[in-house]
1. Given segment 172-321, what percent of its DSSP beta bridges are antiparallel, to the nearest 5?
2. In whole Å, what is the distance between the alpha-carbon centres of segment 343-384 and segment 1-72?
3. Work out from phi, with θ = phi - 60° and the Karplus expression 6.51 cos²θ - 1.76 cosθ + 1.60, the ³J(HN,Hα) of each residue of segment 484-497, listed in order in whole Hz, and give x for Gly and Pro.
4. In segment 1-159, carbon and sulfur make up what percent of the accessible area (probe 1.4 Å)?
5. Add +1 for every Lys or Arg and -1 for every Asp or Glu among the other residues with Cβ under 13 Å from the Cβ of Thr315, and state the total.
6. What's the extension gain from Ser80 to Leu364 if we count 0.36 nm per residue and subtract their Cα-Cα distance?
7. Calculated FRET efficiency, Ala155 and Ala470, Cβ-Cβ r, R0 60 Å, to nearest 0.05?
8. Give, to the nearest whole percent, the P(r) tail of segment 100-232 beyond 18 angstrom, counting all Cα pairs.
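The values are calculated or read from the model by the stated rules, or taken from the named source; none is laboratory data. Keep in mind that what you see is a predicted model, and the values were worked out from it rather than measured. Cβ placement follows ideal geometry from the backbone for every residue including glycine, while neighbour counts extend to all protein chains displayed. Calculation scope for accessible area: heavy atoms of the full protein, side chains included, ligands and nucleic acids excluded. Shrake-Rupley method; radii C 1.70, N 1.55, O 1.52, S 1.80 Å.
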Amino acid sequence: MTERGAAIDTITAVRIAGPGREFLMDDEPVDIFIADGRIVDIAPTGALSARGRVLAADGAWAVPGLWDNHVHTVQWALTSERAPLGHAESAAAAAGAMSGVPPLADGRRVGTGFRDALWPDRPSLELLDTATGGVPTYLINADVHSVWLNSAALAREGFRSEDGVLRETDAFEISRRLNAVDAAHGDRAMVRAGKQAAARGVTGLVDFDMAWSAEAWPRRVQAGFASHRVEFAVYPFDLERAIDAGLRTGELHEQTETPARGAGLVRVGPLKIITDGSLGTRTAACSHAYPGDPGNFGMLTVPSDELVDLLTRATGAGLGVAVHAIGDRAITSALDAFTTTGAAGSIEHVQLVRHTDLARFARLGVIASVQPQHAVDDRDLVDRHWSEQTSIGYPLASLRASGAQLRFGSDAPVAPLDPWQAISAAVSRTADARAAWHPEERITVDQALEASVRTSLRPGEPADIVLCAADPLTSTGPALRSMSVLSTVLGGYVTHAH
């Protein structure tokens with residue numbers, strides 16, 4: 001057993017299953033040699049003498065370190081402290097479930113993960129007040145684009161709502177306040193969450209926390225955080241601050257005045273811009289109205305001219321961009337802005353795409369940053385609320401065939417931070433006993449792994465390595481979803497040991 005935190009010099013008898021195996025003559029076990037955080041040599045097992053500290057793989061399968069390219073880190077880390085509501089099948093059931101939830105230390109009751117789009121009844125202020133009384137109570141939608149509050153919570157936060165539901169910008173503000181726990185509390189939660197991520201093979205993530213993370217991550221690293229690499233985003237309300245601070249996408253964010261093992265793990269990420277709503281809240285900007293609501297085409301929360309201005313300012317300052325766009329109208333608007341400005345970056349979510357827009361991703365070099373688990377989680381929502389749309393829902397194979405670069409994420413806490421769930425969903429297009437949902441959009445395991453990593457297992461690459469108990473390339477959808485991760489190595493250090 002090699003303990004967490006150990007520095008590894010040689011991994012012996014490992015079978016390479018992910019990117020990098022194309023450089024090998026056969027699939028026989030090899031030894032991987034590591035120095036200064038990088039792979040320096042790969043040789044047939046026993047051909048060279050093992051050196052230094054050895055991690056014996058015993059024939060396990062290796063893939064490069066996995067990335068989650070879309071995480072709301074603090075909200076994800078705090079989920080374990082909040083009441084789960086994913087099981088609630090009605091507004092009445094969700095309200096009733098919150099009645100017995102003990103308040104947090106700050107006096108608030110918080111639940112998370114409800115999905116009201118399929119409920120037979122609707123959230124109301126009266127319903128929640130009756131169930132929860134005078135304790136400020138907050139129910140966060142699974143998609144985080146709406147929050148249901150009782151009267152006490154509305155009064156505490158200074159908001160008004162006839163039905164108790166706040167959507168989009170107001171909902172984000174409530175989430176920001178709920179996530180604004182004291183630094184020590186948040187950092188402890190991140191340490192726990194980082195260990196959980198490493199246990200699923202995660203060696204890097206993109207942090208879309210809606211806060212000034214340029215200070216938070218150096219503090220965490222100084223305190224000993226070293227579970228994975230981080231690229232942190234900034235939001236438009238902090239754009240000028242980021243420019244004044246000289247932040248540039250891709251650059252190492254110097255974190256500590258004294259050496260720490262996590263030093264070198266944190267880099268500046270993109271400017272995150274949310275341009276429309278979500279399917280679950282029925283606010284994603286679409287070409288056709290939502291059924292039963294003929295005036296509702298969703299909303300463009302950032303007008304096209306404003307989006308062009310933001311992309312222009314970001315590009316001039318050396319910042320890439322990550323544009324949240326779910327509905328087809330929003331995706332077209334985002335691609336138009338990339339065309340006008342020449343900005344570099346990604347479109348996040350990409351859930352409903354016009355056929356004519358597919359090829360534009362590759363032509364513009366825009367990354368399609370998608371969450372495959374959403375496709376299987378949302379299939380019933382799509383069948384009900386997007387039944388009249390004519391664009392392609394949750395495309396993967398279509399995007400890839402058009403030449404677009406795919407990157408996978410979870411949108412945690414919307415879906416669990418587990419790259420194997422994303423890989424399984426992309427390969428099988430189902431998460432239960434039902435047949436594949438739109439099987440024409442399935443991709444291969446090889447292709448799904450390619451979208452889940454940033455490196456390759458070959459000399460010169462970072463020593464970010466995941467050892468798996470089974471061969472991913474021959475695993476089925478359920479087996480991929482439950483893949484056993486034996487060890488995770490980050491820059492030559494063990495971050496998880498089974």
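1. Roughly 25 percent of the beta bridges in segment 172-321 run antiparallel, per DSSP.
2. One Cα centre to the other: 33 Å.
3. 7, 9, 7, 8, 10, 10, 10, x, x, 9, 6, 9, 8, 9
4. Taking all protein chains in place, segment 1-159 shows 53 percent carbon and sulfur surface.
5. The answer is +1.
6. So the chain would gain 98.3 nm between Ser80 and Leu364.
7. In this case the efficiency is close to 0.65.
8. Tail of P(r) above 18 Å: 60 percent of Cα pairs.
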